[in-house]
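Undergrad: Dropping a structure here in structure tokens format, bear with me for questions.
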Amino acid sequence: MRGIVDVRVNRTVKMAGRLENRKALVTGGSRGIGAAIAIAFASEGADVAFCHDDDAEGAAEVVSAIEGCGRNAMAIQCDVADDADVQAFWAESARALGPIDILVNNAGIGAERSFDAIDLNEFDRMIAVNLRAVFHFAKLASPGMQSMHWGRIINIASQLAYKGAPGLAHYCAAKAGVIGLTRALAVELAGSGILVNAIAPGMVETRLNDGLTAEWKDRKLSELPIHRFGNPAEIAPTAVLLASSDGDFYVGQTLSPNGGDVFL
């Protein structure tokens, strides 16, 4: 693990909410969808640990926002494809916050490249970050959640898992795997009180999409009935739903705030 960026504790403000006193871990939480989810969780009463990949400035802003909700926050730099980083992040999060109740597997990468140009190293990296890490974090979360007979695992997939897209074969494959893994884990873990679900957002304005060409974005925009891309704040409420008691009857589902890109 490359290092702890910020650990701050603020116990001066008490607030009630749908996630009061829950302990959440969010991967890729310094910006975009992950940051929006982390802050939304804190606003509902959860303490939040999150990791990021070389974004100390963004991490500090999210920590400040979480603290502003009167909750505990912890941010660590972590490559979710590196087993040692992941193990250290998990251990430090549990040490700082206590047993983790809610896991959000959000960290991801994307890059537009034609199928013919994708080499095996690129494919392996895409799978490692976007799918293997989801499996790894779920493995770490499951024992503690089973001992508490309560837990929520929320995996961030993509609407492209359903419809595919030119130039994103490796990304689409990884996200389709996330949905399949979500369904399998849901069946296996629900009896232990652990509900596993996924969110498959449509195109959202985040840095993840910087690797997409203007032509690709224009084509996608033309396909959307809503005629715009989403923003992270429009995805976070779905995560709050699935993490809270409001989502107690969701098992193995993939919810799709996607602007009409896919009708399920």
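The values are calculated or read from the model by the stated rules, or taken from the named source; none is laboratory data. Note that this is a predicted model, so its numbers are computed, not measured. FYI the Cβ positions are ideal-geometry reconstructions off the backbone, even for glycines, and counts take in every protein chain you see.
Undergrad: For the stretch 86-116, which residues satisfy the criterion of being at pLDDT 95 or above, more than 16 Å from Arg132 (Cα to Cα), within 19 Å of the chain's Cα centre (by Cα) and assigned to a loop (DSSP other than H, G, I, E, B)?
TA: Of everything in the stretch 86-116, those that are at pLDDT 95 or above, more than 16 Å from Arg132 (Cα to Cα), within 19 Å of the chain's Cα centre (by Cα) and assigned to a loop (DSSP other than H, G, I, E, B) turn out to be Pro99, Ile100, Asp101.
Undergrad: Test Asn209 against the criterion of being touching an Asp or Glu at 6+ places or on another chain (Cβ under 7 Å) and surrounded by fewer than 20 Cβ atoms within 10 Å (Cβ to Cβ), and give yes or no.
TA: no
Undergrad: Testing Ala233 on (1) under 20 Å from Ile109 (Cβ atoms); (2) at pLDDT 95 or above; (3) of a type in the set (Gly, Ala, Ser), one condition comes back false. Which one is that?
TA: So Ala233 meets the others, but not (1).
Undergrad: Hey, any hits in the stretch 209-223 for a residue that's touching a residue at least 60 places away in the same chain (Cβ under 8 Å) and not in a helix (DSSP H, G or I)?
TA: Checked against the condition, which is being touching a residue at least 60 places away in the same chain (Cβ under 8 Å) and not in a helix (DSSP H, G or I), the stretch 209-223 yields at least one hit.
Undergrad: If I filter the stretch 38-61 down to residues being more than 17 Å from Phe89 (Cβ to Cβ) and assigned to a loop (DSSP other than H, G, I, E, B), which single residue comes out as nearest to the chain's Cα centre (by Cα)?
TA: For the stretch 38-61, the residue satisfying everything is Ala46.
Undergrad: Restrict the check to the stretch 181-194 and report whether at least one residue is of a type in the set (Asp, Glu), surrounded by fewer than 19 Cβ atoms within 10 Å (Cβ to Cβ) and more than 29 Å from Ala141 (Cα to Cα).
TA: Within the stretch 181-194, none of the residues are of a type in the set (Asp, Glu), surrounded by fewer than 19 Cβ atoms within 10 Å (Cβ to Cβ) and more than 29 Å from Ala141 (Cα to Cα).
Undergrad: I'm told Val240 meets every condition in (1) touching a helix residue (DSSP H, G or I) at 6+ places or on another chain (Cβ under 6 Å); (2) surrounded by 18 or more Cβ atoms within 10 Å (Cβ to Cβ); (3) closer than 24 Å to Ile127 by Cα except one. Can you identify the failing condition by its number?
TA: (3)
Undergrad: Scan the stretch 192-200 and tell me whether some residue there is assigned to a loop (DSSP other than H, G, I, E, B) and under 16 Å from the mean Cα position of the chain (by Cα).
TA: yes
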